[in-house]
Each structure stands twice: as structure tokens, then as C-alpha cells.
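Asks: Let me give you the structure first, and then I'll get to my questions.
The values are calculated or read from the model by the stated rules, or taken from the named source; none is laboratory data. Just so it is clear, the structure is predicted and the values come from calculations on it, not from any experiment. Neighbour counts are summed over all protein chains in view; Cβ atoms, including those assigned to glycine, are modelled from backbone coordinates with ideal geometry. Each accessible area value is taken on the protein alone, full model and side chains, heavy atoms only, with ligands, DNA and RNA left out. Shrake-Rupley method; radii C 1.70, N 1.55, O 1.52, S 1.80 Å.
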Amino acid sequence: MKSFFRKFKEGLKKSTPTFQKAFGKVGGLFGGKTIDAGTLDELEEALYMADFGVETTEEVLEAIRAAYKEDRSLRGEEAARIGARVLEQVLEGAEADFAAEEPPAVIALVGVNGSGKTTTAAKLAHRFREDGLQPLVGACDTFRAAANEQIRTWCERLEVPLIASQHGADAAAVAFDALEAARSRGSDVLLLDTAGRLHNKGHLMQELGKIRRVLEKRSPGSLRHAWLVIDGSVGSNSIEQAKVFHEAFGLTGLIVTKLDGTSRGGALVGIYRQLRLPIYFVGLGEKAEDLQPFSVRNYTHALFGLEEEED
Ligand SMILES: Nc1nc2c(ncn2[C@@H]2O[C@H](COP(=O)(O)OP(=O)(O)O)[C@@H](O)[C@H]2O)c(=O)[nH]1
Ligand SMILES: [Mg+2]
């Protein structure tokens with residue numbers, strides 16, 4: 001079993017090299033190198049390239065510059081720790097634990113096409129089952145013909161039960177059936193995969209609203225969570241889109257996927273700053289076990305090339 005920290009380290013490996021270089025980590029070691037004006041410039045560029053955004057970039061640099069002013073022999077590793085602490089402050093409140101109380105707890109996964117909803121529904125079901133819970137998946141993306149097939153394949157492979165209907169069926173009716181099934185089977189958690197077409201936003205929001213109403217009517221409070229699944233590699237451009245979903249559907253949290261596929265691993269910070277929604281999980285790869293609970297400490301330390309600290 002890979003440690004939790006290692007997962008972050010490997011998942012973020014497209015984003016980390018520029019930071020390691022700026023902080024003077026060579027061949028996996030910091031080796032006591034000190035920073036200078038040149039490495040500070042490198043760091044600034046690295047922060048922008050990783051899509052941290054202006055505010056966060058300035059805050060991180062300011063803290064490191066201040067320390068450098070005090071001590072001209074500031075080591076790269078110390079600078080990285082100072083930077084990580086700034087990020088930890090910015091990300092305060094971003095971690096969240098999911099507890100499957102009063103089963104069945106329904107979690108709706110929403111977001112645009114390709115953000116990773118279907119994959120994440122399967123990964124979450126797998127994770128919850130590993131945690132000893134009984135998951136059920138509802139295939140509410142009835143819009144795309146291939147969508148049912150995709151979720152079915154995942155669920156079969158992971159041996160997770162699925163409630164699905166035909167292509168073109170009413171998504172809210174599938175949600176209703178899935179909730180009924182979850183109640184009668186005694187499932188602990190119901191994961192609803194939904195459609196994400198963006199060219200018809202009005203219709204999509206209507207459909208999501210209907211899912212919410214139907215669940216609420218059948219079992220008030222059962223829709224415990226609405227998580228926006230957001231593609232981390234799209235970077236800060238996804239913030240506007242997130243706001244639309246938040247206004248229309250009332251989100252309770254975020255899942256940021258594909259952090260492994262991007263060098264813009266800092267975008268998550270900007271997204272959190274804007275939306276202030278807890279990040280329940282992050283996608284660090286394509287395999288079922290690559291969806292990990294978000295950890296501010298693992299994220300910041302892995303990104304800046306720091307090693308796991310024992311405390
Ligand atoms: N590398 C990587 N790929 C991912 C991750 N999450 C999803 N994907 C891929 O993104 C693509 C779209 O995912 P899908 O679940 O179909 O998105 P949906 O349209 O929102 O349902 C698929 O090829 C997934 O394998 C992740 O965390 N890392
Ligand atoms: Mg899908």
C-alpha cells in the first residue's frame with residue numbers, strides 16, 4: 001500500500017518540478033542550497049505557471065521575500081516551508097470528511113461533460129465499499145447514449161450495484177428509482193451520476209432541479225450532498241462554470257479531478273478561494289484507488305517538494 005502522501009507526490013508530479021528547481025531541490029535532495037534573487041524570480045514564474053493566481057502568488061512570494069530579507073542565507077527548503085505555510089492558511093477550511101449518516105445518504109455528482117463525474121461516481125463507490133459501507137450508483141446521465149454503458153462497465157468491474165434506465169429516460173425518474181432501491185436494499189450511500197451537457201445550460205439546470213425536487217419530496221433531507229466535479233487541468237477557467245452550478249443547484253462541496261494530468265496543480269487554490277466550498281476528494285489518476293480525500297498538508301508539501309513530516 002502506497003502511503004497517502006506518496007499518492008499526492010506521484011499525482012502532482014507534473015506540477016512539482018518547477019517548484020523543486022526554484023527551491024533548489026536537485027536529485028530528490030534540497031542539499032542546503034540557499035535562495036537568491038534569481039531563484040525568487042524562478043519561483044514567481046513557477047507559481048504563475050501552476051495557475052495559483054495573482055493573490056496567492058503574491059502572498060507566497062511576500063512571505064518568502066520577507067524571510068529572505070531577514071536572512072540572506074535562507075535555504076531553499078526553509079523557503080518551501082514558508083510557502084507551504086502560506087498555502088495552508090489560504091486553504092484553511094478546505095478539507096472535509098464525509099460521514100454516511102442516516103442512510104441512504106444521497107450524493108449527486110454534477111459538472112460539465114468530461115469533468116470526471118462518471119469515473120468519480122465509480123471510484124467513490126469503490127472507496128465507500130472499501131470503508132465497509134454499502135454503496136449504490138444511480139445512472140442519471142440518460143442524455144448521452146454511451147453514458148449508461150460507461151457507468152455499467154465501471155460498476156461491473158468494481159462489483160458495485162447500479163440502477164440504470166434507457167437512454168433518453170427522465171433523469172429524475174432514475175434518481176427516484178435509485179433512491180427507492182437504496183432504501184429497500186439498505187444501502188448506506190447512493191451516488192448519482194448526472195449529465196453535463198453545457199450547450200443547453202438551461203435545460204441541464206432544470207433537470208438537476210427536478211432531481212433535487214423529486215428526492216426531496218420522496219425523502220426530505222436524503223440529498224445530503226451535491227458535489228461539483230471539476231477538471232483540475234482546466235485550471236482557474238472553471239471558476240465561472242462552478243458559480244453557475246452553485247447558483248442553480250446549491251453545491252455542498254467539490255471534487256477536483258485530473259490533478260495528475262496537469263502542470264497547473266495550483267488552480268485548486270484559486271478555485272477554493274473563489275467558491276469557499278470544501279474539497280472532499282481529489283483525482284490523482286485514472287485508477288479506482290487514485291481518488292483520495294483532500295489533504296491540505298499532503299497537497300502543499302507534495303507540490304513544493306517537501307517530504308512528509310512525522311508529527
Ligand atoms: N488522469 C486522470 N483522468 C481522469 C481523472 N478523472 C477522470 N478522468 C478521465 O477523464 C475522462 C472523462 O471522465 P468521465 O468520468 O467520463 O467524465 P464525465 O463526462 O464528467 O462523466 C475519462 O477519460 C476519465 O478516465 C483523474 O483524476 N485523472
Ligand atoms: Mg459521465
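Asks: Strictly greater than 30 Å: what percent of every Cα pair in the chain meets that? Display every interim value, and only then the final one.
Replies: On the way: 17279 of 48205 pairs.
It works out to 36 percent of all Cα pairs.
Asks: Related question: Send over a whole-number figure in Å² for the accessible area per residue of the chain, probe 1.4 Å.
Replies: Numbers: 13780 Å² over 311 residues.
On a per-residue basis, 44 Å².
Asks: Which one of 63, 87, 112 has its Cα pushed farthest toward the positive end of the charge dipole of the chain, where Lys and Arg give +1 and Asp and Glu give -1 at the Cβ?
Replies: Toward the positive end, the furthest listed residue is 112.
Asks: Can you compute the charge dipole magnitude of the chain about its Cα centre, using +1 on each Lys and Arg Cβ and -1 on each Asp and Glu Cβ, nothing else charged? Give it in debye, rounded to the nearest 20. Provide the component values of the computation, followed by the final result.
Replies: Values: 39 positive and 46 negative charges, 165 e Å.
That gives a dipole near 800 debye.
Asks: Measure nothing but the geometry: give the 0 to 90° angle between the long axis through the Cα atoms of 171-185 and the longest principal axis through the Cα atoms of the chain, rounded to 10°.
Replies: Approximately 90 degrees, to the nearest ten.
Asks: Could you state the per residue volume, in Å³, of the convex hull enclosing the Cα atoms of segment 70-165? Before the final figure, lay out each step's value.
Replies: Details: hull volume 16.3 nm³, N = 96.
In segment 70-165, the Cα hull volume divided by residue count equals 170 Å³.
Asks: Here is a further query. What does the extension gain come out to for residue 72 and residue 85, with contour length at 0.36 nm per residue minus their alpha carbon separation? Don't skip to the end; give the middle numbers.
Replies: On the way: separation 13, 0.36 × 13 = 4.68 nm, distance 1.99 nm.
Fully extending the segment from residue 72 to residue 85 adds 2.7 nm.
Asks: I want to check the label-to-label distance for residue 146 and residue 307. Put each point 7 Å from Cα in the C-beta direction and report it in nm to one decimal.
Replies: About 4.4 nm, to one decimal.
Asks: While we're looking at this one, here's another question. Which of the lysines could a cross-linker bridge to residue 9, judged by Cα under 23 Å and excluding same-chain residues fewer than eight apart?
Replies: Partners found: 21, 25, 33, 123, 258, 287.
Asks: A further question on this structure: In a Gaussian network model over the chain where Cα atoms closer than 10 Å are linked, find which of 51, 41, 170 has the largest mean-square fluctuation.
Replies: Top of the fluctuation ranking is 41.
Asks: If you roll a 1.4 Å probe over the chain with all protein chains in place, what percent of the accessible area is carbon or sulfur? Walk me through the intermediate numbers first.
Replies: Values: 6570 of 13780 Å².
Here it works out to 48 percent.
Asks: GNM on the chain, C-alpha springs below 10 Å: top fluctuator among 135, 103, 278?
Replies: Checking each option, the largest mean-square fluctuation is seen for 103.
Asks: If you don't mind, there's one more thing I want to ask. Per-residue accessible area for residue 257 at 1.4 Å probe radius, Å² rounded to 10?
Replies: Number for this one is 10 Å².
Asks: I would also like to ask the following. If one computes the Cα centroid of segment 235-258 and of segment 102-168, what distance in Å separates the two points?
Replies: Computed from Cα coordinates, the inter-centre distance equals 19 Å.
Asks: Same structure, new question: Where does the chain land at 222 nm, in deg cm²/dmol rounded to the nearest 500, when only DSSP H runs of n ≥ 4 count, each adding -39500 (n - 2.57), divided by all residues? Intermediate results must be reported in sequence, preceding the final value.
Replies: Details: 12 runs with 150 residues, N = 311.
Dividing the helical sum by the residues of the chain leaves -15000 deg cm²/dmol.
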